[in-house]
1. Taking the stated definitions as given, is P93 away from the ligand (no atom under 16 Å from the Cβ) and out of contact with any Gly (no Cβ under 6 Å at 6 or more places or on another chain)?
2. Go through segment 101-150 and give me each residue that's touching a Lys or Arg at 6+ places or on another chain (Cβ under 9 Å) and more than 30 Å from D181 (Cβ to Cβ).
3. Output the qualifying pairs, or none if there are none: Cβ atoms under 6 angstrom, residues six or more apart or on different chains, first residue in segment 81-92 and over 20 Å from N26 (Cβ atoms), second residue charged (D, E, K, R).
4. Kindly indicate whether F58 is in contact with a strand residue (DSSP E or B) (Cβ under 7 Å, 6 or more places away or on another chain) and open to solvent by less than 30 Å² (accessible area, probe 1.4 Å).
5. Identify, from the list K103, K139, K158, the residue that is within 18 Å of F58 (Cα to Cα) and either charged (D, E, K, R) or at pLDDT below 90 (or both).
6. Inside segment 88-119, can you point out the residues that are closer than 19 Å to K158 by Cβ and among the aromatic types (F, W, Y)?
7. Of these, P31, P93, which one is open to solvent by 50 Å² or more (accessible area, probe 1.4 Å), modelled with pLDDT under 95, within 17 Å of the chain's Cα centre (by Cα) and under 20 Å from L173 (Cβ atoms)?
8. Being out of contact with any strand residue (DSSP E or B) (no Cβ under 7 Å at 6 or more places or on another chain) and either open to solvent by 90 Å² or more (accessible area, probe 1.4 Å) or within 16 Å of the ligand (Cβ to nearest atom) (or both) is the filter here, so list the residues in segment 64-88 that pass it.
Amino acid sequence: MRWIVVILLLNLLQNIKCEQSYVVSNEKLEPFEGDSETLVIFDGLKTVGRERALNGSFKFLGEMNNDDFKVSVELYSSPNGDGDFKRMVMDVPQTSICECFKKFYVQFVQPSLKQGETTNFPIVDEDTCPIPEGDYYIKNVLFNTEDWPQQVPRGIVKAIVTFFSGGKNVGGLIVVVKIEDRQS
Ligand SMILES: *[C@@H]1O[C@H](CO)[C@@H](O)[C@H](O)[C@H]1NC(C)=O
């Protein structure tokens, strides 16, 4: 009898998904071009529907090897959502592209995607390098924040993701999200 209780409790604990205390919604996606050439194209990506799911296509025009390509992520926060943005301390400085995908993409984006279903972008793991060239799609995706940090600022957060090749900006994407307390 006691064992049954223990097993039931263990089952229960396993089934409780640690829900984040916040909800993230997409506000805006804004692609930008590189300084002299653009090698990453995000202008086919939109937010659609009432839930503002991510949808559309993006392109990497060549494969991106770890020696040449870097990515930086600048983060800005507007706690009152009034457009008064302050730089956050959690920035990702210019980092070799494969390292950046293994850390940033794997934690923040990949959990939201189902390979072969909501995206054709390959699954990124320890061995993913270079980042392959290709035409990719994302189908109606909302952020799954399971693996996101517990502490994130509320309000509007803007991430400026810039790709570099040979030290030059070759394009990128500005992602603006709204982060609110989860209503329980
Ligand atoms: C989603 O993206 C696909 C592929 O780019 C496009 O064909 C489709 O019309 C988009 N859906 C909406 C609702 O915009």
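1. Details: away from the ligand (no atom under 16 Å from the Cβ): yes; out of contact with any Gly (no Cβ under 6 Å at 6 or more places or on another chain): yes.
Here the answer is yes, as P93 does meet what is asked.
2. E117, V124, D125, E126, T128, C129, E133, G134, D135, Y136
3. Note: pairs meeting the criteria are D91/E74.
4. Numbers: in contact with a strand residue (DSSP E or B) (Cβ under 7 Å, 6 or more places away or on another chain): yes; open to solvent by less than 30 Å² (accessible area, probe 1.4 Å): yes.
Yes, satisfied.
5. Numbers: K103 fails: within 18 Å of F58 (Cα to Cα); K158 fails: within 18 Å of F58 (Cα to Cα).
Just a single option satisfies the conditions, and that option is K139.
6. Hits for segment 88-119 are F104, Y105, F108.
7. Values: P31 fails: modelled with pLDDT under 95.
Just a single option satisfies the conditions, and that option is P93.
8. Let us first name the residues in segment 64-88 that are out of contact with any strand residue (DSSP E or B) (no Cβ under 7 Å at 6 or more places or on another chain), namely 65, 67, 82-83.
Passing the criteria: D67, D82.
The values are calculated or read from the model by the stated rules, or taken from the named source; none is laboratory data. Just so you know, these numbers come straight off a predicted model, no measurement behind them. Note that each Cβ is placed from the backbone with ideal geometry, even for glycine, and that neighbours are counted across all protein chains shown. Heavy atoms of the whole protein, side chains included, go into the accessibility calculation; ligands, DNA and RNA do not. Shrake-Rupley method; radii C 1.70, N 1.55, O 1.52, S 1.80 Å.
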